[in-house]
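**Q** Sharing a structure with you now.
The values are calculated or read from the model by the stated rules, or taken from the named source; none is laboratory data. For clarity, every value in this text was computed on a predicted model and none was experimentally measured. Note: ideal-geometry Cβ built from the backbone for every residue, glycine included; neighbour counts use all protein chains shown.
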2 protein chains.
Amino acid sequence: MIEGVDPEIDAGRFPIKRIIGDAVQVEADVFGDGHDHVICYLQFRHEDDSLQQRVRMEPLGNDRWRASLQVSKIGRYFYTIVGSVNHFGTWRSDLLKRLEVGQDVCLELQTGGLLVEQAARRAEGKDAIQLNEWAHILRTECDSEDAKVVALDPILAEVMEQYADTSLETKYERELSIVVDRERGRFSSWYELFPRSCSPVAGKHGTFRDVEDRLPYISRLGFDVLYLPPIHPIGESFRKGKNNSVTAEPGDVGSPWAIGSEIGGHTAIHPELGTLEDFQHLVAAAKKSGLEIALDIAFQCSPDHPWVKEHPKWFRKRADGSIQYAENPPKKYQDIYPLDFESEDWGALWDGLKRVFTFWIEQGVRIFRVDNPHTKAFPFWEWVIGEIKREHRDVLFLAEAFTRPRVMERLAKLGFSQSYTYFTWRNTKQALTEYLEQLVGTEVGEYFRPNFWPNTPDILPEPLQIGARPAFMSQLVLAATLATSYGIYGPAFELQENTPAKVGGEEYLYSEKYELKHWDLDNPKSLAPFIESVNNARRENAALQASHALVFHPTDNPYLICYSKKSVDEANTVLVVVNIDSFHVQSGWVDLDLDKLGLDSREPYQLHDQLTDTRYLWQGPRNYIELSPLKIPAHVFRVLRRVRSEKDFDYYL
Amino acid sequence: MIEGVDPEIDAGRFPIKRIIGDAVQVEADVFGDGHDHVICYLQFRHEDDSLQQRVRMEPLGNDRWRASLQVSKIGRYFYTIVGSVNHFGTWRSDLLKRLEVGQDVCLELQTGGLLVEQAARRAEGKDAIQLNEWAHILRTECDSEDAKVVALDPILAEVMEQYADTSLETKYERELSIVVDRERGRFSSWYELFPRSCSPVAGKHGTFRDVEDRLPYISRLGFDVLYLPPIHPIGESFRKGKNNSVTAEPGDVGSPWAIGSEIGGHTAIHPELGTLEDFQHLVAAAKKSGLEIALDIAFQCSPDHPWVKEHPKWFRKRADGSIQYAENPPKKYQDIYPLDFESEDWGALWDGLKRVFTFWIEQGVRIFRVDNPHTKAFPFWEWVIGEIKREHRDVLFLAEAFTRPRVMERLAKLGFSQSYTYFTWRNTKQALTEYLEQLVGTEVGEYFRPNFWPNTPDILPEPLQIGARPAFMSQLVLAATLATSYGIYGPAFELQENTPAKVGGEEYLYSEKYELKHWDLDNPKSLAPFIESVNNARRENAALQASHALVFHPTDNPYLICYSKKSVDEANTVLVVVNIDSFHVQSGWVDLDLDKLGLDSREPYQLHDQLTDTRYLWQGPRNYIELSPLKIPAHVFRVLRRVRSEKDFDYYL
């Protein structure tokens, strides 16, 4: 009987996710009737391999078994559990019990000889000869000491395992799968900017060349993904003006999400940004700076998009024959036509959309941020991500779905590599703790990879509006250390742009979505150096590149949140404390779970702050913290264990 | 998308269990992409019905839906979830939002008209006519108030639901099942006795006729199942003597579990007990006394069993050709031959074993207590219970498997109606609470029905050995109120037999398993009247016949355990407090969860002790308890809520 397999998502319907080099720990309940011993294996293979590999599972007690497999290639792995009654093992263990009480075991040794003889028939070459020799001794010399020595020889047990009768094996009824991505699938630092605002000249439309000039800056800040809002021709019909006004003034540049004009649609480039060659050049230049370009894929059309004429069936009609524009009743978005996934021409539509991805993949893009995937058909995503990852395993998809939890989880199950989250709206210690425990501490953590954003062009959250600089700093540390992937919308973030269009809302005043901006990167109040230190800490501490070991530690102050993480190999431990009050110095006592941190309460340990390069010596669980919003409202400590050397000289690991 | 269906055992591999009249509450996450409304149903049918029934599911928020079905027949039910996008509901709700802000809705009304027209095509008769009329108004009079009235008419919404397009429905990928038993499947009170010890004359072998004379006594005590250890001919070879001695003296009666002699095997009757007709007579007489006979099915043979000669292939051979007797190395049980479920003749063996059940079913038996099912093949149990319940849905099986939890759970999943448990060894407040929370508070409660035994012929537990009378009383109350099924091995229990064969062991001295006993039922120290009062409380309080609402309430004394239960219809609530210290008066404060009890902290409530007929008036959560082991170490309270009548006269429900 094989049951209770973990991890397993929705009875094996969906894969779990890992990155290359990860270990996948699998557990299962494996047992038989009676008192027979069982033997079981974690069986797995990469999709490219026909040969199954096996790892023997180790008993945890209470019929629970565990084994780990290592994923060393990107793509899909398949795993399941096989097990069988271990007749030889049962016999051997019974024999030991009989010998302990001095029973005559001659008959039992003969029985064992029969088992060995059967195994010999399944073996070949010198193993077969050796097994037959052993069998002969057990069957004919059962009164001798020799036979007992043979019976208990661990080498015999090993060879018997090798030639066990696999025809009687039980295989778990389902084959489960793992999607293995490259490292950036889990650990990535995103920087979003509007290329059109990158011109060094105020009021001038920026170009891809201008973005290239910005690369050293973004790279210095420590980011590795540069995400661009849609770069396609912008529609003229119903174009939005500044501050989302329904009528555009002459010269208004419109929203990049109103995709398509007579120049082209989702595979064309907005002429003012440059040419396709310029884009390819940018992709290559970014790569040289250690940056990857992520493109925004927003499957919606302006009324001027070529598809409106070429594929009228891809759009829903209203009762009067006109094309149905986007609505969220009573709100109307007449500048945007959604695509109709229930169209009778859906096959061609899906192919057309897939072609958008493959076009940009051909230009060197490997990361896509998908706009509002939850308003498109779920089966489409499973299909298109599956198709694309079959051909290009290194492609990553970020789901921008700010919607209900089950829908967001479903999109992750269907294949999205990363997902936007509710992080932006979890602003108290309790809310953050509960949210992270859901994301990381439950089954959701097996397939949903959170990407935390303190701001986006659509979202200027309340804490940043009212908390200003200290809030930008604390939100940055929270995002960058709670999640392994995070991003900011810059330069609005580092320049702490925080004026809302209206109080009580989350839109920016003079939002960059509707106009060109000119940002002064040299402004001395910029948080660029702080961001650089946070990203450095992320890069230099593998603990911040994994979330499996996230633990929250109690503090006696509701404004002080404290948590720790460990690297996959457990060699690196980071402890973070953040003051989430942007207005007051907060102090208090943390109560560390030393066991989970791997610390000995009898020994002092050192905390090395990665942001300020200061060091503290602590001992035991209870320690004092004081953080001022006027300085740096957070500690990101590397935890250094004291180690006693041979010469009794103390140093820290 | 339909997922997270609850209850569902091992991806639908196993059924849940219910008794007739129960409600089955089913929940699921049901959602679609976008903002479309969904509509979903719990769909089910009894195995005899070809027609599916549907109950509309109600939203619980966060995409979670719930519905209940009622099981009104024994046998199998099948259930699943179906759902679809509710286009009309979405349209109607959008229309309301548009009307609220005074938008022009003429085009929307026409769109709705199209939806109604499509439904009309699926309808027939006057519904079709009515729908077409409505459609006409919506399509042609969209400017009129009439059209708006039609659009929002709840009757239209109802008829539209009736004629929804089921071709686009999503059905959950698995059909799940429910095994529905008669009431005794969950609520039963067992009394075990050895028929051979029922003679009124000391030293004389008892008969079925003697058991008949005992029926009024057992019935008066309030039991409804009379369970008999094996009634078959007892083997002579290697017969065990008194106190499990390996050599029997002349006149020793042997163990009833050493089944089979030259007279016959599992379908024969031990001649000294009587004839098959006597047995049939006993079954009928028991029925008249409100008792059902449960037989012990122990699939093992004495060396003298007819099968040993008739079916030598059904037994495993040792290396020397002799038949393998039972062993638990280094212990040997030479009086018992286990059956070989891996025999090449397994098909005939399975049929033969099934025939044992059907033979006794033909004699009127409907309850079987199966001895050590975990040492027989799992697939056999699934097959044989399935076969028998297909022909005789009212048959119940109790699994006597004192083994590892996963194995016990598996047997329950495979079909056993009830299961022995670890209750006997859970003797502290913490251990009992944790164990019950596992049994009742987890998925296990869906398929594993515990049957609690304070003693059995094999088990004289430590608390009874050292705690004597008060321990017998408290263990009885715990078993009878924590579990809905429980049993005692009598008259050893009511006469408080508690001398162990050896200190540190759990066997009885002069165990009835190996010799005739003569019990003095008139002994004034007998607990018979107390047992009667406990069984009365069980019968008169439906709360004690269900465990779904079991709640433990904190007390400030580790020897006082307090819990409550509610009946399925919630009309009856019982609160139990037990002093588990057999040596001292224990007192303390209970802290009741009034919400869970359905009590108002502003009103007093009455507690009516079902064992002593005393009454207490309490208010609020915190109340005082004092229980003496020298009197009755437990309260079994019926909770009576104060109700204010029209004339402001207070009485209790």
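**Q** Among the residues of segment B:160-185, what is the count of those that are within 14 Å of chain A (Cβ to nearest Cβ) and touching a Phe, Trp or Tyr at 6+ places or on another chain (Cβ under 9 Å)? Steps first, please.
**A** Of all residues in segment B:160-185, those within 14 Å of chain A (Cβ to nearest Cβ) come to B:165, B:167-168, B:170, B:172-176.
Those still in the list that are touching a Phe, Trp or Tyr at 6+ places or on another chain (Cβ under 9 Å) too: B:175-176.
Matching residues across segment B:160-185 total 2.
**Q** Tell me yes or no: at least one residue of segment A:563-571 is in a loop (DSSP other than H, G, I, E, B) and of a type in the set (Ser, Thr, Tyr). Full working, then the answer.
**A** Step one: list which residues in segment A:563-571 are in a loop (DSSP other than H, G, I, E, B), which gives A:567-571.
With the extra rule that they be of a type in the set (Ser, Thr, Tyr), the set shrinks to A:567.
Within segment A:563-571 (the criterion being in a loop (DSSP other than H, G, I, E, B) and of a type in the set (Ser, Thr, Tyr)), the answer is yes, since at least one residue qualifies.
**Q** Here's a follow-up. Does any residue of segment A:287-302 turn out to be touching a strand residue (DSSP E or B) at 6+ places or on another chain (Cβ under 9 Å) and of a type in the set (Asp, Glu)?
**A** yes
**Q** So, in segment A:396-431, how many residues would count as being surrounded by fewer than 20 Cβ atoms within 10 Å (Cβ to Cβ) and more than 14 Å from every other protein chain (Cβ to nearest Cβ)?
**A** Number satisfying all stated conditions: 7.
**Q** Let me ask something else about it. Can you name the residue in segment B:49-73 that is surrounded by fewer than 19 Cβ atoms within 10 Å (Cβ to Cβ) and under 23 Å from the mean Cα position of the chain (by Cα) and, of all such residues, is farthest from B:Lys389 (Cα to Cα)? It would help to see each step written out before you state the result.
**A** So the first thing to find is which residues in segment B:49-73 are surrounded by fewer than 19 Cβ atoms within 10 Å (Cβ to Cβ), and the list is B:49-56, B:58-62, B:64, B:66, B:68, B:70, B:72-73.
Those still in the list that are under 23 Å from the mean Cα position of the chain (by Cα) too: B:68, B:70, B:72-73.
Working: B:Ser68: 25, B:Gln70: 21, B:Ser72: 17, B:Lys73: 14 Å.
So, considering only residues that are surrounded by fewer than 19 Cβ atoms within 10 Å (Cβ to Cβ) and under 23 Å from the mean Cα position of the chain (by Cα), the one farthest from B:Lys389 (Cα to Cα) is B:Ser68.
**Q** While we're on this one: Can you tell me which residue in segment B:5-21 is surrounded by the most Cβ atoms within 10 Å (Cβ to Cβ), limited to those that are part of a strand (DSSP E or B) and in contact (Cβ under 8 Å) with a residue 40 or more places away in the chain? Walk me through it before giving the result.
**A** First pass over segment B:5-21, keeping only residues part of a strand (DSSP E or B): B:5-6, B:9, B:14, B:16-19.
Cutting the leftovers down to in contact (Cβ under 8 Å) with a residue 40 or more places away in the chain gives us B:5, B:9, B:14, B:16-19.
Details: B:Val5: 22, B:Ile9: 20, B:Phe14: 22, B:Ile16: 21, B:Lys17: 24, B:Arg18: 21, B:Ile19: 22.
If we take residues in segment B:5-21 being part of a strand (DSSP E or B) and in contact (Cβ under 8 Å) with a residue 40 or more places away in the chain, then B:Lys17 is surrounded by the most Cβ atoms within 10 Å (Cβ to Cβ).
**Q** Residues that are under 21 Å from A:Ser237 (Cβ atoms): list the strands (runs of 3 or more DSSP E) wholly contained in segment A:281-382 that include at least 2 such residues. Working first, answer last.
**A** Numbers: elements: A:292-297, A:326-328, A:331-333, A:367-371.
So the answer is A:326-328, A:331-333.
**Q** Shifting gears a bit: Restricting attention to segment B:162-187, which residues are within 30 Å of B:Phe397 (Cα to Cα) and β-branched (Val, Ile, Thr)? Full working, then the answer.
**A** Residues of segment B:162-187 that are within 30 Å of B:Phe397 (Cα to Cα), as a first pass: B:174-187.
Listed by number, the residues that qualify are B:Ile178, B:Val179, B:Val180.
**Q** Go through segment B:27-83 and give me each residue that's of a type in the set (D, E, K, R), more than 14 Å from every other protein chain (Cβ to nearest Cβ) and in a strand (DSSP E or B). Write out each step before concluding.
**A** From segment B:27-83, those of a type in the set (D, E, K, R) are B:27, B:29, B:33, B:36, B:45, B:47-49, B:54, B:56, B:58, B:63-64, B:66, B:73, B:76; that's our starting set.
Going one step further and asking which of them are more than 14 Å from every other protein chain (Cβ to nearest Cβ), we end up with B:45, B:47-49, B:54, B:56, B:58, B:66, B:73, B:76.
Listed by number, the residues that qualify are B:Arg45, B:Arg54, B:Arg56, B:Glu58, B:Arg66, B:Arg76.
**Q** Could you tell me whether segment B:487-495 includes any residue that is surrounded by fewer than 19 Cβ atoms within 10 Å (Cβ to Cβ) and within 30 Å of B:Val246 (Cβ to Cβ)? Walk me through it before giving the result.
**A** To start, the set of residues in segment B:487-495 that are surrounded by fewer than 19 Cβ atoms within 10 Å (Cβ to Cβ) comprises B:495.
Okay, now just the ones that are also within 30 Å of B:Val246 (Cβ to Cβ), so B:495.
Yes, segment B:487-495 has at least one match.
**Q** Okay, next question. Does A:Tyr79 satisfy the criteria of being under 23 Å from the mean Cα position of the chain (by Cα) and either farther than 27 Å from B:Asn328 by Cα or surrounded by 19 or more Cβ atoms within 10 Å (Cβ to Cβ) (or both)? Break it down stepwise before answering.
**A** Numbers: under 23 Å from the mean Cα position of the chain (by Cα): yes; either farther than 27 Å from B:Asn328 by Cα or surrounded by 19 or more Cβ atoms within 10 Å (Cβ to Cβ) (or both): yes.
Yes; evaluated as a whole, the condition is true for this residue.
**Q** Related question: Scan segment B:160-173 residue by residue and report those that are surrounded by fewer than 19 Cβ atoms within 10 Å (Cβ to Cβ) and out of contact with any Ser or Thr (no Cβ under 7 Å at 6 or more places or on another chain).
**A** B:Glu161, B:Gln162, B:Asp165, B:Thr166, B:Ser167, B:Glu173
**Q** To continue, here is another question. So A:Ile74 clears everything in (1) of a type in the set (Val, Ile, Thr); (2) within 23 Å of A:Glu161 (Cα to Cα); (3) touching a Lys or Arg at 6+ places or on another chain (Cβ under 6 Å) except one condition, right? Which one?
**A** Result: A:Ile74 passes all but (2).
**Q** What is the number of the single condition among (1) out of contact with any helix residue (DSSP H, G or I) (no Cβ under 9 Å at 6 or more places or on another chain); (2) more than 16 Å from B:Leu273 (Cβ to Cβ); (3) surrounded by fewer than 18 Cβ atoms within 10 Å (Cβ to Cβ) that B:Tyr217 does not meet?
**A** With respect to (1) out of contact with any helix residue (DSSP H, G or I) (no Cβ under 9 Å at 6 or more places or on another chain); (2) more than 16 Å from B:Leu273 (Cβ to Cβ); (3) surrounded by fewer than 18 Cβ atoms within 10 Å (Cβ to Cβ), B:Tyr217 is out only on (1).
**Q** What number of residues within segment B:308-366 satisfy the criterion of being under 19 Å from B:Gly264 (Cα atoms), touching a residue at least 40 places away in the same chain (Cβ under 8 Å) and basic (Lys, Arg)?
**A** So the answer is 1.
**Q** Which members of segment A:321-346 meet the condition of being away from every other protein chain (no Cβ under 12 Å) and surrounded by fewer than 15 Cβ atoms within 10 Å (Cβ to Cβ)?
**A** A:Gln334, A:Glu344, A:Asp345
**Q** Assess whether B:Asp581 counts as being out of contact with any strand residue (DSSP E or B) (no Cβ under 8 Å at 6 or more places or on another chain), loosely packed, with under 15 Cβ neighbours inside 10 Å, assigned to a loop (DSSP other than H, G, I, E, B) and of a type outside the set (Lys, Arg).
**A** Working: out of contact with any strand residue (DSSP E or B) (no Cβ under 8 Å at 6 or more places or on another chain): yes; loosely packed, with under 15 Cβ neighbours inside 10 Å: no; assigned to a loop (DSSP other than H, G, I, E, B): yes; of a type outside the set (Lys, Arg): yes.
No: the conditions fail for B:Asp581.
**Q** Still on this structure, I have one more. Can you list residue pairs whose Cβ atoms sit under 9 Å apart, with the first residue in segment A:95-115 being at the interface with chain B (Cβ under 7 Å from one of its Cβ atoms) and the second being among the β-branched types (Val, Ile, Thr)? Count only pairs 6 or more apart in sequence or on different chains.
**A** Going by the 9 Å Cβ cut-off, the qualifying pairs are A:Arg98/A:Val105; A:Gln110/A:Thr140.
**Q** Working carefully through the options B:Arg220, B:Arg186, find the one that is over 30 Å from B:Ala258 (Cβ atoms) and touching a strand residue (DSSP E or B) at 6+ places or on another chain (Cβ under 9 Å).
**A** B:Arg186
**Q** Hey, among the residues in segment A:126-145 that are more than 16 Å from A:Met160 (Cβ to Cβ) and more than 9 Å from every other protein chain (Cβ to nearest Cβ), which one's surrounded by the most Cβ atoms within 10 Å (Cβ to Cβ)?
**A** Of segment A:126-145, the ones more than 16 Å from A:Met160 (Cβ to Cβ) are A:140-145.
When the remaining residues are screened for being more than 9 Å from every other protein chain (Cβ to nearest Cβ), the result is A:140-141, A:143-145.
Values: A:Thr140: 13, A:Glu141: 16, A:Asp143: 12, A:Ser144: 14, A:Glu145: 8.
Here the answer is A:Glu141.
**Q** Quick check on segment B:549-578: of everything there that is of a type in the set (Phe, Trp, Tyr) and closer than 30 Å to B:Gln25 by Cα, which residue is surrounded by the most Cβ atoms within 10 Å (Cβ to Cβ)? I'd like the intermediate steps shown before the answer.
**A** Our first condition is that a residue be of a type in the set (Phe, Trp, Tyr); within segment B:549-578, this holds for B:552, B:559, B:563.
Those left that are additionally closer than 30 Å to B:Gln25 by Cα: B:552, B:563.
Numbers: B:Phe552: 17, B:Tyr563: 19.
The extreme case among them is B:Tyr563.
**Q** While we're looking at this one, here's another question. Does any residue of segment A:338-350 turn out to be modelled with pLDDT of 95 or more and in contact with a Cys (Cβ under 9 Å, 6 or more places away or on another chain)?
**A** Looking for residues that are modelled with pLDDT of 95 or more and in contact with a Cys (Cβ under 9 Å, 6 or more places away or on another chain), one finds at least one in segment A:338-350, hence yes.
**Q** Test A:Gly185 against the criterion of being of a type outside the set (Lys, Arg) and touching a Cys at 6+ places or on another chain (Cβ under 6 Å), and give yes or no. Talk me through it step by step, then tell me what you get.
**A** Numbers: of a type outside the set (Lys, Arg): yes; touching a Cys at 6+ places or on another chain (Cβ under 6 Å): no.
Spelling it out, it is not the case that A:Gly185 is of a type outside the set (Lys, Arg) and touching a Cys at 6+ places or on another chain (Cβ under 6 Å).
**Q** Shifting gears a bit: Go through (1) in contact (Cβ under 8 Å) with a residue 24 or more places away in the chain; (2) outside any loop (DSSP other than H, G, I, E, B); (3) more than 30 Å from B:Tyr79 (Cβ to Cβ); (4) under 31 Å from the mean Cα position of the chain (by Cα) one by one and return the number of the condition B:Val179 breaks.
**A** So the condition that B:Val179 fails would be (3).
**Q** Quick check on segment B:290-320: of everything there that is more than 16 Å from B:Pro256 (Cα to Cα) and among the small types (Gly, Ala, Ser), which residue is surrounded by the most Cβ atoms within 10 Å (Cβ to Cβ)?
**A** B:Ala319
**Q** Is it the case that segment A:250-268 has a residue that's in a strand (DSSP E or B) and either touching a residue at least 60 places away in the same chain (Cβ under 8 Å) or touching a helix residue (DSSP H, G or I) at 6+ places or on another chain (Cβ under 9 Å) (or both)?
**A** To start, the set of residues in segment A:250-268 that are in a strand (DSSP E or B) comprises A:259, A:261, A:264.
With either touching a residue at least 60 places away in the same chain (Cβ under 8 Å) or touching a helix residue (DSSP H, G or I) at 6+ places or on another chain (Cβ under 9 Å) (or both) added as a condition, the list becomes A:261, A:264.
Yes, there is a match, as at least one residue in segment A:250-268 is in a strand (DSSP E or B) and either touching a residue at least 60 places away in the same chain (Cβ under 8 Å) or touching a helix residue (DSSP H, G or I) at 6+ places or on another chain (Cβ under 9 Å) (or both).
**Q** Name the residues in segment B:584-595 that are assigned to a helix (DSSP H, G or I) and surrounded by 14 or more Cβ atoms within 10 Å (Cβ to Cβ), would you? Break it down into steps so the answer makes sense when it comes.
**A** Start the filter on segment B:584-595 by keeping residues that are assigned to a helix (DSSP H, G or I), which leaves B:594-595.
If the condition is that a residue be assigned to a helix (DSSP H, G or I) and surrounded by 14 or more Cβ atoms within 10 Å (Cβ to Cβ), then B:Leu594 is the only one that fits.
**Q** Identify all residues within segment A:503-537 that are modelled with pLDDT under 95 and under 18 Å from A:Phe194 (Cβ atoms); write none if there are none.
**A** Residues satisfying the conditions do not exist here.
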